[in-house]
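Asks: For reference, the structure I am asking about is given below.
The values are calculated or read from the model by the stated rules, or taken from the named source; none is laboratory data. Predicted, not measured: the structure shown is a model, and the values here were computed from it. Because the Cβ atoms are built from the backbone with ideal geometry, glycine has one as well, and the counts that use them run over all protein chains shown.
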């Protein structure tokens, strides 16, 4: 299997019908995930459109993952974890870490997205809101959110199948200032493979 | 006061310190709302960043409304309604109405955004996820969302004060196929005025 190193991003091109298995190797790692239409980068997986299409903020096994044109771009075919993936929180960025007190550059998922896209020659400027695999953000009835630790276990995986030719980007979230990547705040690597 | 006609959008330039009062004249109308930095349109009010900054999906009176650089762009200074405004649902678009069974063009908030921006000479291509004033979308603990009717009453208003020079866009949502704009599914006009 291929590795997404700790604190880094990777982009993978999938043909229609191919799938990517993303494995939470250590069980504690959040993976910010994006998908773009390979033939028209103005179309991408969109959490705000997904919410309306699914009628839920939590996609489940078997669900389509919708684009900003309200059609499936990926299918969440397999999910061995408890299915708690966040869809309401932005990718971390330099501003996030400055707000947490960082005075020097901190690795972040937004920069990882753009660096990974550049590696496969697919340059974009905007940063869609990501599907944050395994990120555990409960939302209470009064709207308050909490920053939980992942509920996944080592080796849990999701399988995302491409409904159209697309570019999938994963960022092993470098957050080490709050326990979103587990209680010990240690970002680690995850693995993936393209199948089908 | 100025009018946002039923099913239409309007854009207003605000200088730092100025504010806009948006009035839900009939009490039943959802207003999709955006804000862009007047000097750098790549910065805009962002719901996914707002969620992280506020720790909530429901902004309240007195809250800052954050940009994608995680700094306040507007302040929600006044709100006479019960404070139920949606931040998780995309602006409606032609694809939304096609999915609901429309076979002809249907007015929509996404097109209203871009038309309104063009009227003030501020052209953008992307469509940030909007602050949907008075749109009542409860989110249950299991993540399921519901499409409620507005909880506001005729004449309720919000006051949004500009923290930086910005362009604010309002769209009186043309949704008439589900009761998001009240039980009789009739989009109506709202009013606004610039103050300060």
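Asks: Take residue B:69 and tell me if it is surrounded by fewer than 24 Cβ atoms within 10 Å (Cβ to Cβ), modelled with pLDDT of 95 or more and assigned to a loop (DSSP other than H, G, I, E, B).
Replies: yes
Asks: Shifting gears a bit: Name the residue, out of B:35, B:64, that is touching a strand residue (DSSP E or B) at 6+ places or on another chain (Cβ under 9 Å), surrounded by 23 or more Cβ atoms within 10 Å (Cβ to Cβ) and more than 10 Å from chain A (Cβ to nearest Cβ).
Replies: B:35
Asks: Any residue at all in region A:134-147 that is part of a loop (DSSP other than H, G, I, E, B), at pLDDT 95 or above, closer than 10 Å to residue A:86 by Cβ and more than 14 Å from chain B (Cβ to nearest Cβ)?
Replies: yes
Asks: Could you count how many residues in region A:154-196 are in a loop (DSSP other than H, G, I, E, B), crowded, with 23+ Cβ neighbours inside 10 Å and out of contact with any helix residue (DSSP H, G or I) (no Cβ under 9 Å at 6 or more places or on another chain)? Walk me through how you get there before you give the answer.
Replies: If we filter region A:154-196 for residues that are in a loop (DSSP other than H, G, I, E, B), which is where we start, we get A:154-155, A:163-165, A:173-178, A:182-189, A:196.
After this cut, where a residue has to be crowded, with 23+ Cβ neighbours inside 10 Å as well, the list is A:173, A:175.
Right, trim to out of contact with any helix residue (DSSP H, G or I) (no Cβ under 9 Å at 6 or more places or on another chain) and you get none.
Within region A:154-196, residues that are in a loop (DSSP other than H, G, I, E, B), crowded, with 23+ Cβ neighbours inside 10 Å and out of contact with any helix residue (DSSP H, G or I) (no Cβ under 9 Å at 6 or more places or on another chain) number 0.
Asks: Okay, next question. Can residue A:41 be described as over 17 Å from residue A:132 (Cβ atoms), surrounded by fewer than 19 Cβ atoms within 10 Å (Cβ to Cβ), modelled with pLDDT of 95 or more and out of contact with any strand residue (DSSP E or B) (no Cβ under 6 Å at 6 or more places or on another chain)?
Replies: Criteria not met by residue A:41.
Asks: Quick check, is residue A:90 surrounded by fewer than 19 Cβ atoms within 10 Å (Cβ to Cβ), within 11 Å of chain B (Cβ to nearest Cβ) and either touching a residue at least 24 places away in the same chain (Cβ under 8 Å) or within 20 Å of residue B:47 (Cβ to Cβ) (or both)?
Replies: The answer is no for residue A:90.
Asks: Looking only at region A:107-120, count every residue that is buried (at least 19 other Cβ atoms within 10 Å of the Cβ) and part of a loop (DSSP other than H, G, I, E, B) and tell me the total.
Replies: Qualifying residue count, region A:107-120: 2.
Asks: Taking the conditions exactly as written (in contact with a helix residue (DSSP H, G or I) (Cβ under 6 Å, 6 or more places away or on another chain) and either at the interface with chain B (Cβ under 9 Å from one of its Cβ atoms) or surrounded by fewer than 19 Cβ atoms within 10 Å (Cβ to Cβ) (or both)), does residue A:80 satisfy them or not?
Replies: no
Yes/no matrix, rows are residues, columns are (1) touching a strand residue (DSSP E or B) at 6+ places or on another chain (Cβ under 8 Å); (2) closer than 21 Å to residue A:113 by Cα; (3) buried (at least 18 other Cβ atoms within 10 Å of the Cβ); (4) more than 8 Å from every other protein chain (Cβ to nearest Cβ):
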| position | (1), (2), (3), (4) |
| --- | --- |
| A:47 | yes, yes, yes, no |
| A:54 | yes, no, yes, yes |
| A:73 | yes, yes, yes, yes |
| A:76 | yes, yes, yes, yes |
| A:85 | yes, yes, yes, yes |
| A:95 | no, yes, yes, no |
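Asks: Answer with yes or no whether residue A:83 is modelled with pLDDT under 95 and assigned to a loop (DSSP other than H, G, I, E, B). Give the derivation first.
Replies: Details: modelled with pLDDT under 95: yes; assigned to a loop (DSSP other than H, G, I, E, B): yes.
Yes, satisfied.
Yes/no matrix, rows are residues, columns are (1) under 23 Å from residue A:96 (Cβ atoms); (2) without any contact (Cβ under 8 Å) to a residue 40 or more places away in the chain; (3) surrounded by fewer than 17 Cβ atoms within 10 Å (Cβ to Cβ):
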{"residue": "A:122", "(1), (2), (3)": "no, no, yes"}
{"residue": "A:126", "(1), (2), (3)": "yes, yes, yes"}
{"residue": "A:135", "(1), (2), (3)": "yes, no, no"}
{"residue": "A:143", "(1), (2), (3)": "yes, yes, no"}
{"residue": "A:147", "(1), (2), (3)": "yes, yes, yes"}
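Asks: Continuing with this model, one more query. Evaluate the following for residue B:6: is it closer than 12 Å to residue B:172 by Cα and outside any strand (DSSP E or B)?
Replies: Yes; evaluated as a whole, the condition is true for this residue.
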